[in-house]
Structure formats: structure tokens, C-alpha cells
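Taking it in order: structure first as C-alpha cells, then the write-up.
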Amino acid sequence: MMNVLLVEDDIDLATTIVEYLEIESIDCDHASNGLMGLNLIESNQYQMIMLDINMPKMDGLTLCNTLREKGIDIPILMLTARDSLENKLQGFEAGTDDYLVKPFAMKELVARVQVLAKRKSGEVKTLKLGDLTLDLSELSANLNQHPLKLSPIAYKLLEVLVRASPKTATRQHIMQTVWGDEQPDSNSLKVHIYHLRKQLESVPSNIKLETVSGIGFAMKVEDKMENHGVQ
């Protein structure tokens, strides 16, 4: 079942949307403010997000911009009563993928949800984790402003680990994401992890690639003060 998130402070509207999407076999979580929405996004995996603009604690534009700055490329649909061109441009500038003006037909909402859920957002151009930066347009990586020499496979592997961080990326998930259905033997993954780790360790940084025994691998940001023995 498709899993999406609605961040909307109008409870009546939110209830209607959630119930309608359920009829369409779309599982929809709901958050009544921006901060609650951010917490849900950081702890769950969604295929797309619907954001109201006017919300307490954190408005939709701020939440959208925050997600893009974190490198989160989940497609976003803005729901708003603001229909001027200037308002729409503000939404796109913040990183939204689509715009739906209230009031709207539920059939149109479902259609847009289904389209957006099938693609990643094109709004994210870089991923950042500690001292590590990935340029998704150039398919390049820099660690502490030093370019890393990575093969295409190593770059894909690094991207998977960064997107999963700080959680552990399982071997199965890595193999499927990097190689798809034509997967090599498990030794190939070990070799690529070995070379990637050597690249990361060649530059002083706060990035560490950890092996999680029996599960997979995790990219972590270390506390620099701890690294220097500061109590």
C-alpha cells in the first residue's frame, strides 16, 4: 500500500482527506503542525508529502525548505488557499514539486498524489552529512572539501548510505538499490565497501563508515570533540 503524509492543521479537512485516500488504498499519516510533521518524516518512510502552508509551530514553506536543506527528496504537494502567482512561486522556491489550491476535488488530489508518489523530487541537488557533500547533478562527492575518487558503483553505494544515515542500510537494501535485479555475489559488496572506506579514511573528517554485524552498514557523524579526547 502506498504510504503518504498529510501535514494539515484543519482537522475536519484532514479527516476527510485521510478517509478518502484510504478508500483509494492509500495509507495516510497525519500531523497537525509542521514540527510534528518533521518528526514523522525523520522517523518514517513516505512516498510523498502533502503540506498546508499556514500552520502553527512551523509553517509549510519553512518545513519544505528544511526538508530540502536536509537532502530529503520526497516529493511534496502544497495545499493552500493562496492562489496568487507570487504565493505559488514562493512554494516552488522553497522546494515544492506541485501546488493544489483549496478548495479542490478529491479526485484531483488522488491523481496528483499517485503521480508524485512514483518519482523522486528534482528539487534536491546536494546531500550533506557532516563533512561529506554529494552533488547529485555532477555525481561527485567531497569530504572536508577534498574530492573523492569514486567509481560509479562506489558513488551509488555512498549515496545509499548517506540517505539511510544514521540508520543502518541492510546488505539486501544496498544490493537491490545499487545493482537492481542483476546482483553480483556478496564478495563484490565487500570489495566496494573496503575501497569506499579507504577513500573516506584518507581525509580527516567526522565521517565514519561502520559495519553492523549481521545486518549491513551505517554512515555516522562522529563528535569531533570526542575524537580529540576532550572530556
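Below are the figures for this structure:
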| quantity | calculated |
| --- | --- |
| Translational diffusion coefficient (Stokes-Einstein; Kirkwood radius from C-alpha pairs) of the stretch 1-124 at 37 °C, 0.692 mPa s, in µm²/s | 234 |
| Cα pair distances in the chain, grouped into 10 Å bins until the bin that holds the longest one, percent each | 7, 29, 29, 21, 12, 2 |
| In nm, spacing of pseudo-spin labels at W179 and E86 (7 Å Cα→C-beta vector) | 5.6 |
| Extended-chain gain in nm, criterion 0.36 nm per residue less alpha-carbon gap, K167 and N65 | 34.4 nm |
| Per residue Cα convex hull volume in Å³ - calculated over the stretch 142-231 | 101 |
| Inter-label distance, nm, simple model (7 Å from Cα along the C-beta direction), S186/V115 | 4.4 |
| Helix 186-201 axis, angle to the chain major axis (alpha carbon atoms, nearest 10°) | 80 |
| Length gained when the stretch E222-N54 is fully extended (0.36 nm per residue, less Cα-Cα span) | 56.8 nm |
| Two-decimal ratio, the stretch 112-175, of alpha-carbon radius of gyration to 2.2 N^0.38 Å | 1.24 |
| Shape box of the stretch 1-68 [Cα atoms, principal axes, largest first, Å] | 31, 25, 14 |
| Choice from L148, L89, L38 showing the highest fluctuation, given a GNM over the chain with Cα pairs closer than 10 Å | L89 |
| Nearest-ten-degree value, helix 85-94 long axis tilted from longest Cα axis of the chain | 20 |
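Every number in this text was worked out from the coordinates using simple rules, so none of it is lab data. Keep in mind it's a predicted model, so treat the numbers as computed, not measured. Every residue, glycine as well, gets a Cβ built from its backbone with ideal geometry; the counts of neighbours run over all protein chains shown.
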